[in-house]
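For reference, the structure discussed in these notes is given below.
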Amino acid sequence: MSAQPMHIHPYERNWMVFSAVMLVLFATAVSVAAFGMGIQVPAPEQRVDPRIVATDPNSPWSNPGLREVSPGKYDAYILAHAIPVWEYLPKEITVPAGSSVSFYVTSSDVQHGFKIQDTNANFMVIPGQVSKLTIKFNKPGTYNYICTEYCGSGHGIMYGAIIVTP
Amino acid sequence: MKQYQLSTGEKKFIGSHLLVAILALSVGSLFGPLQAFEHAGWDIYPYIKPLIKSYYQGLTVHGVLNALVWTTFFIMGFLTFNVMFGLKRPLKNPTLNKVGFWLMVVGVVAAAIPILANQATVLFTFYPPLKANWAFYLGLTLVVVGSWVEGWGLFMTYFAWRKENPKELTPFIAFASLVTALLWQICTIGVATEILTMLLPWSLGLIAGVDPQLARTYFWFTGHPLVYFWILPAYISWYAMLPKQAGNGKMFSDSLARLSFWIFLVLSTPLGFHHQYVDPGIPPVWKFIHSMLTFSVFFPSMMTAFTVIASLEHAGRKNGGKGTFAWIGKLNWSDPSVAAQLLAGILFFFGGIGGLANASYNVNLVLHNTAFIPGHFHLTVATAVTLSFMGISYWLLPYLTGKKLWMPKLAVAQAWIWFVGMIIFSNAMHVLGLLGAPRRVPLGLAPYVPPEWNSRLFQVGVGGAILFVSGACYLTVMLMTALSKETVKEEVEVPVAESMQDLALTPVWLDRWAPWIYGALALIVLVYGPVLFDLIKNIALTSPGFRVW
Amino acid sequence: MNKYLLNGLYFLFAIIIISAFAFKLFQPIKVLPRMQLAPAFNLTDQNDARLTSEELRGKFVLYNFTYVNCPAPCYNLNKTMQEVQTRLSEAELGDIQVEFITISFDPDRDTSAVLRTYADSIGADTKQWSFATNTNKALLKTIIGSGFETYYEDKGDGKFAFDPSFVLVDGWGIVRAEYRYQTEVSDADRIIRHLSVLAEEVRNSTGTAKLAYEAAHLFLCYAP
Amino acid sequence: MAKKEHENNDEFRPNGTIAILVVFVITTLLIWGTIYMILISRGSTI
C-alpha cells in the first residue's frame, strides 16, 4: 500500500473527465426541460382519506368529472378504483382543442397508475394522495388514459379516454 | 502463489447456495415465457388454471423467484466464496453463516407457500394496500435477516484476517465482496422497516391500515441499491476474473476498481426517489436532488466500463490480437464462462443507456411504468447479472463438485441463444414502452392495444421462446454436470486476474473502511432524512388491505 | 495548502451543510408558500357599498365562495368561517386585521338585500365578515374561476355546482393558502394555524429576521 | 511520475477500449437524445 496519491493511467483520466462532462451535459438538458420549459414531475398536492374520498359529499371525487374553471381551462377530477370493478371515473372526458386540463387523480382502494398516451401526463395514483399535472391539448383526437401500475386482476382492462374536439 | 483450498464442507456450503439459486431460477423461468407468449397472443394460462390461477400469479412467481431468490442466494454463495478464497482463510464462525443460510431457506419456503396458494399475488414489489398473506411478508423478512447474518459472518472473517495481517492490502475479490455485503446491510434497512413496522402487523390484523406513500418510500430505499447488490458481484467477476479467463489478462487498474466500489457504497442508497419521480407525495426538489445523485452513481459504472474493457484488451493482445477491434475475436470465446460474461457485458451497455434515460428526472415521464422498464431490467438483472452468474457457475460448479462441465459447447451455445433471445425480447419491449405500452399488463387481452403494437408483441413472444430454450440448456448443463461421473483430473483453477499495476501503488485510503461508511450514512441521512421525517410525522394509516386478484 | 486551513475549510463546509439540514428538518421557522397573486376585483357588498381588492391591502383576508340558495351542506362553509372568527384570538395576530369575505356567484338572485338578510339569518358578524358579488357574470367568473381557481357552474333553476374552497390572501395581495377538500385536519384548525404563521412572518419582515424567513421560503419550510 | 521500482500500467495503451467507448457514447447520445426529444415535443406539465 502506498501513501502516494493515486496513480491513474492518462487514458483513463481523460475518460473520467469526459464521463463527468457528459453527465453534466445530461443534467443540464434535464434542468432546462424542467425549469425552463415547465416539464415538471408531480408535487404534493393534497392528502385525502381513501376510505371516504369517493363517498363524502364534500369530496370532489364523489362527483368526478370535468370542471371548467375559466374559458379553456379545466380541472379534471378523476377517481381510480379496483372495487367494484377496475375503472376510472369518469371513463370519458371531452374538451375542445387548445384546452389546458389539470388532472387531479386519486384512488379509493389500491395503487394505480395514470398515463395519457402521447402526452407527458404519467404518474402514480396512490391512495391518500392526490396526483396533479396540467396538460395542454392542442391536437384533436382521442387520447386514452391507461392504468400503468398493477392493481389486481383487472389491471389490464382499466382505461378511459379524452376526446379532444376540433 | 499458493491458492487457498476450500474444504469439502466449505464447498458443500457454497454449493447449497448454488443449488437453491438454480432451483429458484428453474421454477421462476418457467413463467417468463408464459408472460411473453401472452403478449404475443398465445395465452397458456387458461390451460394451467388448476395449478396457477392467473397471469399475475405467474408474474409474481417469476419476479420473486428470479429477481429476489435466484440473485440473493447466488450472490451470498459467491461472496462467501470470494471472501474465503481471497483472504485465504476459512470462515471465522461457519455456524453463524449456516444459521444465516437456513434462515434464508426457511424464508423462501414461507414466502413460496402463499404465493403458490394464490394468497400473495402482489408481484415482487408488493405495494400495499394489496394485502398478501402474512407468511409472505414473514418469509421475505427471514430472507433479508438471513442474508444479514451471513454478511455478519463475512465481516467477522474479515476482522479475524485483519488481525492476522494488520499491514496487508485486502485482496481485491474479498474487498469487493465485503463492500457488496456491506451495501446490502445498509440498504435493506428500508424494506425491513417497511415490513416490520407496517406490512407484517397489518397483515396479522394488529393495525387497521397502512400509509402507501410511506411504504413505497421505504421500499425504494432498498429497491435501487438492490440492483447494485445484483450487479456488483457481476462486476467483481468482470474486473477480477474475466480478464484472466479471457486470455490470462491482468486487471488494468486496481486502485480505480476499488475506488469505484467505494463510490457505489456511498452513492447507491441516497437516490431511491428516482423510482418515485411521479409519486404525488414527494417534493420535486428532493426528486431533483436524487436525480443528480443518480447521475453521479453512473460515473463509477463508466469507470468500470473502462477498466474492464482495458483489462480484456490486455488479454486479447496477449493472445495475439491486433488492430482496434480485432483483439476482441482473440478472447477465449470457446470457454462458456467467458462467452456468457462477455455477451452479458455487451448487453449491459444498452441496459446502462436505458437506465440513464429512466434516471433523468422528467425524461422518466415518457417511460415511467411502460414496457420500457421490464425491457430495461431484462438487460440488466436478467442479462448482465443472470447471464454473468450463469457464466460464473460454468467454472464454479466444476470447482465445487470436482465434476467435468458437461458439453461445454452446449454451454457456449446457451450463452449465445440467451444473447439473441434477449436482443429480440428487450428491443421489442423498449420500443413498446416508447409507444406507450404499460408494464405488468397481459397485453394480449388489453382492450386499448393499437394495431401498431402487434408486430412488437409478436417479437416479445419470439424472444421469450428463445430465452426459454436457453434457460433449458443452462439447466440441462448444470444438472448433467452435477450428475455426471466424469471428474476433473486436477482441481479447477479459480480465475483471479493479477493487477497490472503494482499493488504497492494502491493508496492506503482505499483500504480504510470508516470514512466511506460515515460518508454513506451521512449522505443517506442528508437526502432521505427530511422527506422521511415529513412522511413519518404526517403518517396516515388509512389504507385497509385489498385482495383484488 | 496549509493542512489546518484545509481542515478548517472542511469544518466550515460541514457546519454549513449540517445547519442547512437542521434548518429543514427541525424547521425553527415555518412559512406559507407564496402561491400566486390574488385577483384584483371590484364587488358590491351587502350594504350596497363598493368592496375592492385595493382597500384590503395590509389585512389578511379569508375568502370563500357560495350562494344563498345553496342547500344544507353549504352551511359547513359558513360554520368554518364563524369558527375561525370566534377562535381568532388563538392565532395571536397582534394588531393585524383579518377580513372575511364570502363571494356569491349567483348575482341574479343574491342582491345586496338578499345578502344582508342571509348574513342576519346565519348570525354573521358583518363588522369583519362581508358578503359580496358583482352583477357582471363574466367578470365574476374571471375573478373566482381564473383568479381564485375555484370552480362553479350555473346548472339552471338557481342551482349551482361548485367545489367548496377557502383562500387565504396576505396583506400584499398574494395567495398564501388554499383550502380544498382535505380530510386530516379540519379547515378551521389549519386556517388558524396558518394565520399565526403568517402573522409571525409579518412581524419579522424587517432586519436580519427577514433573511431567516427568506431562507425558510428557499428551503420550502412550509407549514402543513 | 511514479517511482521506477514499481510496475505500472503506463506502457499499455488501450486504444481499442477508447474506440469501443466512443461507439458507446455516440449510441448513448443518440438513444437518450431521441427520448429527450419525445419529452420536449410533448410540452409542459405545469
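The values are calculated or read from the model by the stated rules, or taken from the named source; none is laboratory data. A quick note: this is a predicted structure, and the numbers were derived from the prediction, not measured. Neighbour counts are summed over all protein chains in view; Cβ atoms, including those assigned to glycine, are modelled from backbone coordinates with ideal geometry.
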Practice prompt. Would you be able to tell me the number of residues in region B:534-549 that are modelled with pLDDT under 90 and out of contact with any strand residue (DSSP E or B) (no Cβ under 8 Å at 6 or more places or on another chain)?
Written response: 2
Worksheet, complete the sentence: Within region B:403-428, the residues that are touching a Gly at 6+ places or on another chain (Cβ under 6 Å) and closer than 19 Å to B:Thr370 by Cβ are B:Ile424, B:Phe425, B:Ser426
Worksheet item: Within region C:147-170, how many residues turn out to be away from chain A (no Cβ under 14 Å) and either closer than 20 Å to A:Asp75 by Cβ or surrounded by 15 or more Cβ atoms within 10 Å (Cβ to Cβ) (or both)?
Response: 3
Item to complete: Test each condition in (1) surrounded by 18 or more Cβ atoms within 10 Å (Cβ to Cβ); (2) more than 23 Å from B:Thr307 (Cβ to Cβ) for B:Val496 and report the one that comes out false.
Response: (2)
Practice prompt. Could you tell me which residue of region B:362-376 is nearest to the other protein chains (Cβ to nearest Cβ), considering only residues that are touching a residue at least 60 places away in the same chain (Cβ under 8 Å), part of a helix (DSSP H, G or I) and closer than 20 Å to B:Gly463 by Cβ?
Written response: B:Leu367
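Given A:Pro84, A:Pro127, which one is in a loop (DSSP other than H, G, I, E, B) and at the interface with another protein chain (Cβ under 8 Å from one of its Cβ atoms)?
A:Pro127
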Fill in: Matching residues, region C:69-91, being buried (at least 21 other Cβ atoms within 10 Å of the Cβ) and either part of a strand (DSSP E or B) or in contact with a Cys (Cβ under 9 Å, 6 or more places away or on another chain) (or both)
none
Worksheet, complete the sentence: Over region C:171-219, the set of residues surrounded by 15 or more Cβ atoms within 10 Å (Cβ to Cβ), among the hydroxyl-bearing types (Ser, Thr, Tyr) and more than 15 Å from C:Lys30 (Cβ to Cβ) is C:Tyr179, C:Tyr181, C:Thr183
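Does B:Trp161 count as in contact (Cβ under 8 Å) with a residue 60 or more places away in the chain and either surrounded by 24 or more Cβ atoms within 10 Å (Cβ to Cβ) or of a type in the set (D, E, K, R) (or both)?
no
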Item to complete: Kindly indicate which of B:Leu523, B:Leu510, B:Leu434 is within 14 Å of chain D (Cβ to nearest Cβ), in contact (Cβ under 8 Å) with a residue 60 or more places away in the chain and touching a helix residue (DSSP H, G or I) at 6+ places or on another chain (Cβ under 8 Å).
Response: B:Leu434
Worksheet item: among the aliphatic types (A, V, I, L, M), farther than 30 Å from C:Ala72 by Cα and either within 11 Å of another protein chain (Cβ to nearest Cβ) or outside any strand (DSSP E or B) (or both) - does that describe any residue in region C:176-198?
Response: yes
Practice prompt. Being free of Cβ contacts under 8 Å to residues at least 24 places away in the same chain and among the hydroxyl-bearing types (Ser, Thr, Tyr) is the filter here, so list the residues in region A:112-149 that pass it.
Written response: A:Thr142
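For the condition in a loop (DSSP other than H, G, I, E, B) and more than 30 Å from D:Glu11 (Cα to Cα), what is the one hit in A:Asp56, A:Asp75?
A:Asp56
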Item to complete: Could you tell me which numbered condition B:Ala504 fails, if it satisfies all but one of (1) surrounded by fewer than 16 Cβ atoms within 10 Å (Cβ to Cβ); (2) of a type in the set (A, V, I, L, M, F, W, C); (3) touching a helix residue (DSSP H, G or I) at 6+ places or on another chain (Cβ under 9 Å)?
Response: (3)
Worksheet entry | Condition check for B:Val149: surrounded by fewer than 23 Cβ atoms within 10 Å (Cβ to Cβ), of a type in the set (Val, Ile, Thr) and over 22 Å from B:Asp534 (Cα atoms) | yes
Response to the item:
Of (1) at the interface with another protein chain (Cβ under 7 Å from one of its Cβ atoms); (2) not in a strand (DSSP E or B), A:Trp61 fails just (1)
Discussion item. Quick check on this structure: which one of A:Thr119, A:Thr142 is farther than 30 Å from B:Leu214 by Cβ and either at the interface with chain B (Cβ under 9 Å from one of its Cβ atoms) or of a type in the set (Val, Ile, Thr) (or both)?
Written reply: A:Thr142
Worksheet, complete the sentence: Listed by range, strands (runs of 3 or more DSSP E) wholly within region C:92-171 having at least 3 residues that are in contact with a strand residue (DSSP E or B) (Cβ under 8 Å, 6 or more places away or on another chain) and in contact (Cβ under 8 Å) with a residue 12 or more places away in the chain are C:98-104, C:129-133, C:166-169
Worksheet, complete the sentence: Reported set for region B:255-289 where residues are over 27 Å from B:Glu498 (Cβ atoms), within 11 Å of chain A (Cβ to nearest Cβ) and part of a helix (DSSP H, G or I) is B:Phe273, B:His274, B:His275, B:Pro284, B:Val285, B:Trp286, B:Lys287, B:Phe288
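Is it the case that region B:491-507 has a residue that's facing another protein chain (nearest Cβ under 9 Å), among the β-branched types (Val, Ile, Thr), under 30 Å from the mean Cα position of the chain (by Cα) and part of a loop (DSSP other than H, G, I, E, B)? Let's see the steps before the verdict.
Our first condition is that a residue be facing another protein chain (nearest Cβ under 9 Å); within region B:491-507, this holds for B:499-507.
Filter again for among the β-branched types (Val, Ile, Thr), leaving B:506.
In the following step, the residues that additionally are under 30 Å from the mean Cα position of the chain (by Cα) were identified as B:506.
Now restrict to residues that are part of a loop (DSSP other than H, G, I, E, B): B:506.
Scanning region B:491-507, I find at least one residue that is facing another protein chain (nearest Cβ under 9 Å), among the β-branched types (Val, Ile, Thr), under 30 Å from the mean Cα position of the chain (by Cα) and part of a loop (DSSP other than H, G, I, E, B), so the answer is yes.
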Fill in: Scan of region C:12-21 for residues that are surrounded by 12 or more Cβ atoms within 10 Å (Cβ to Cβ), closer than 13 Å to C:Ala215 by Cα and free of Cβ contacts under 8 Å to residues at least 24 places away in the same chain, ordered by number
C:Phe21
Worksheet item: Which numbered condition trips up A:Asp109, out of (1) more than 10 Å from every other protein chain (Cβ to nearest Cβ); (2) buried (at least 22 other Cβ atoms within 10 Å of the Cβ); (3) of a type in the set (Asp, Glu)?
Response: (1)
Discussion item. I want to confirm something. Restricting to region C:19-41 and keeping residues that are among the charged types (D, E, K, R) and touching a strand residue (DSSP E or B) at 6+ places or on another chain (Cβ under 8 Å), which single residue is farthest from C:Leu140 (Cα to Cα)?
Written reply: C:Lys30
Discussion item. Within region C:125-146, take every residue that is of a type in the set (Gly, Ala, Ser) and buried (at least 21 other Cβ atoms within 10 Å of the Cβ) and give me the one that is farthest from C:Thr52 (Cα to Cα).
Written reply: C:Gly145
Worksheet item: Given the residues B:Glu38, B:Glu10, which is the only one that is of a type in the set (Asp, Glu), part of a helix (DSSP H, G or I) and more than 23 Å from A:Gly152 (Cα to Cα)?
Response: B:Glu10
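Does region A:142-163 hold any residues that are among the hydrophobic types (A, V, I, L, M, F, W, C) and in a loop (DSSP other than H, G, I, E, B), and which are they?
The answer is A:Cys147, A:Cys151, A:Met158.
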Discussion item. Looking at A:Ile83 and the list (1) buried (at least 23 other Cβ atoms within 10 Å of the Cβ); (2) among the aliphatic types (A, V, I, L, M); (3) under 30 Å from C:Pro71 (Cβ atoms), which single condition is not satisfied?
Written reply: (1)
